[in-house]
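The values are calculated or read from the model by the stated rules, or taken from the named source; none is laboratory data. Source: prediction; values computed, not measured. Glycine gets a Cβ as well: all are built from the backbone with ideal geometry, and neighbour counts include every protein chain shown. Areas reflect the complete protein model, heavy atoms only, side chains present, ligands, DNA and RNA absent. Shrake-Rupley method; radii C 1.70, N 1.55, O 1.52, S 1.80 Å.
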Amino acid sequence: MARIDLNEIRHSYKPSPKSDDDFALKRVHTTWEDGGAYALLGPSGCGKTTMLNIISGLLKPSHGQILYDGVDVSAMQPEERNIAQVFQFPVLYDTMTVYDNLAFPLRNRNVPASEVDARVRRIAETLELTNDLGKRAAGLSADAKQKISLGRGLVRSDVAAILFDEPLTVIDPHLKWELRRKLKEIHKEFGLTMIYVTHDQVEAMTFADKIVVMYEGEIVQTGTPEELFERPEHVFVGYFIGSPGMGFLECTLEGDIAHVNGAAIPLEPGYGVRASSLGSRFKLGIRPMYLGVHSSREACGELPGFEARVVGVEDQGFCRIVTVQFGGQEIKARINDGHPVAEGLCWLTFPPEKTKLYFNERLVG
Ligand code: ADP
Ligand code: MG
């Protein structure tokens, strides 16, 4: 196992890149701690596979170094880096049995037969492949084949890290949940460094202790699920995490007060000082569950209430998602059952500790 440092990595697939837009990875400078369970989360095309292939050595970056435990491995081949990688689609030997497929990565490294047998049986049991061990891989379902691929990634205990690139894409939803839980168990038991790529926030949250969010070739935030939810450092994180995501309103700033089309919304003290030299156009961000929607000004309590209009109510069973028109902009609130809300006039509250300010898509903080 290893700590992995990516040192000022940039990568372009173009022969002579000119602007930042020509780079699949614009600038990545980060550390993956030894033994960490990470999810690498981001939309399709943001550079997740590129990053994984640079870590494993399948791809050589245009710029920068990769260090394993402080040793520069940038020039090393994937085999020398001692990494296991599981891909989106099964990679195995169809004509071999399940047993031989699982044993292959160990035999390849001259692991003694008795140890091979113990590891193969242990992994087969975890992945519920014990009854298939004697079968040829060719005859098995897509699910079973992908489980074998996972097993081939997990079977060695001496790897620097295991990289998973959207490995459960071809697996049916119920089994997916089950396998994710198993991967988490395996992580706890063996303490391996694991990086799990996904574009699905639920998948990321159930697997990982730390989530690394990527957007357009950059890491925009690394944090626990709670940190990403409570304090998005980039507008994209606010919008991508949560359902629905964070709502944003264009605003200007005067001291610690945000102005949204005439409404003066108090923010947490300190924003004014931090934002003073940045510029004049900001975005105010608030999670739908923190935006208060009330039927009268009196109902707003201690906080100032701002007149707005409910234009849509969507019942989701345990809660309602309300769309509000406010100062010519739209924003969503999530209302728990029991709290009355109807279309028409309403008053909004913005709890200052839950209301964030963004400049140039980044949190002012
Ligand atoms: P993700 O895995 O997040 O979907 P990728 O790392 O596959 O993203 O791709 C990042 C960007 O690099 C995309 O714009 C994609 O089109 C481009 N790209 C990926 N692989 C290649 C390649 N082999 N040649 C040229 N462009 C590529
Ligand atoms: Mg990919």
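Taking the numbered list (1) surrounded by fewer than 17 Cβ atoms within 10 Å (Cβ to Cβ); (2) more than 16 Å from ligand 2 (Cβ to nearest atom) in turn, V91 passes all entries but (2).
Inside the range 283-299, residues that are closer than 16 Å to Y239 by Cα and not small (G, A, S) make up a count of 8.
Looking at the structure I just gave you, is R109 assigned by TED's automatic domain parsing to the domain that holds R27, in contact (Cβ under 8 Å) with a residue 24 or more places away in the chain and surrounded by fewer than 15 Cβ atoms within 10 Å (Cβ to Cβ)? Break it down into steps so the answer makes sense when it comes.
Details: assigned by TED's automatic domain parsing to the domain that holds R27: yes; in contact (Cβ under 8 Å) with a residue 24 or more places away in the chain: yes; surrounded by fewer than 15 Cβ atoms within 10 Å (Cβ to Cβ): yes.
Here the answer is yes, as R109 does meet what is asked.
When residues in the range 58-94 are screened for being over 21 Å from K145 (Cα atoms) and among the aromatic types (F, W, Y), 1 of them pass.
In the range 156-172, the residues that are over 15 Å from I195 (Cβ atoms) and away from ligand 1 (no atom under 15 Å from the Cβ) reach residues that are of a type in the set (D, E, K, R) and open to solvent by 10 Å² or more (accessible area, probe 1.4 Å) with C-beta atoms within less than 6 angstrom, at least six apart or across chains, in these pairs: I171/D143. In the range 195-217, what residues are more than 15 Å from E166 (Cβ to Cβ) and either within 16 Å of ligand 2 (Cβ to nearest atom) or not assigned by TED's automatic domain parsing to the domain that holds L154 (or both)? The answer is V213, Y215, E216, G217.
Under the condition of being farther than 12 Å from L52 by Cα and either assigned to a strand (DSSP E or B) or within 16 Å of ligand 1 (Cβ to nearest atom) (or both), the residues counted in the range 69-88 number 3. Considering the conditions (1) touching a Pro at 6+ places or on another chain (Cβ under 8 Å); (2) more than 24 Å from F229 (Cβ to Cβ); (3) among the basic types (K, R), R309 is excluded by exactly one of them, (1). The residues of the range 1-53 that are closer than 17 Å to I195 by Cα, away from ligand 2 (no atom under 16 Å from the Cβ) and either among the hydroxyl-bearing types (S, T, Y) or not in a strand (DSSP E or B) (or both), listed by number, are M1, A2, R3, T30, T31, E33, D34, G35, G36. Exactly one residue out of V311, V322, V293 is open to solvent by 10 Å² or more (accessible area, probe 1.4 Å), assigned to a strand (DSSP E or B) and in the same structural domain as F248 (by TED's automatic domain parsing), and it is V311. Being on the phi < 0 side of the Ramachandran plot, outside the structural domain of Y38 (by TED's automatic domain parsing) and surrounded by fewer than 20 Cβ atoms within 10 Å (Cβ to Cβ) is a property that does not hold for I286. Scan the range 130-138 and give yes if some residue there is hydrophobic (A, V, I, L, M, F, W, C) and in contact (Cβ under 8 Å) with a residue 60 or more places away in the chain, otherwise no. For the range 130-138, residues hydrophobic (A, V, I, L, M, F, W, C) and in contact (Cβ under 8 Å) with a residue 60 or more places away in the chain: absent. The sole residue among L52, L40 that is touching an Asp or Glu at 6+ places or on another chain (Cβ under 8 Å), touching a residue at least 24 places away in the same chain (Cβ under 8 Å), within 16 Å of ligand 1 (Cβ to nearest atom) and closer than 25 Å to L228 by Cβ is L52.
Checked against (1) farther than 21 Å from Y215 by Cβ; (2) within 16 Å of ligand 2 (Cβ to nearest atom); (3) in a strand (DSSP E or B); (4) of a type in the set (A, V, I, L, M, F, W, C), L58 passes all but condition (3). Out of all the residues in the range 239-253, is one or more assigned to a loop (DSSP other than H, G, I, E, B), open to solvent by 40 Å² or more (accessible area, probe 1.4 Å), within 15 Å of G365 (Cα to Cα) and outside the structural domain of D22 (by TED's automatic domain parsing)? So far as the range 239-253 goes, no, none of its residues is assigned to a loop (DSSP other than H, G, I, E, B), open to solvent by 40 Å² or more (accessible area, probe 1.4 Å), within 15 Å of G365 (Cα to Cα) and outside the structural domain of D22 (by TED's automatic domain parsing).
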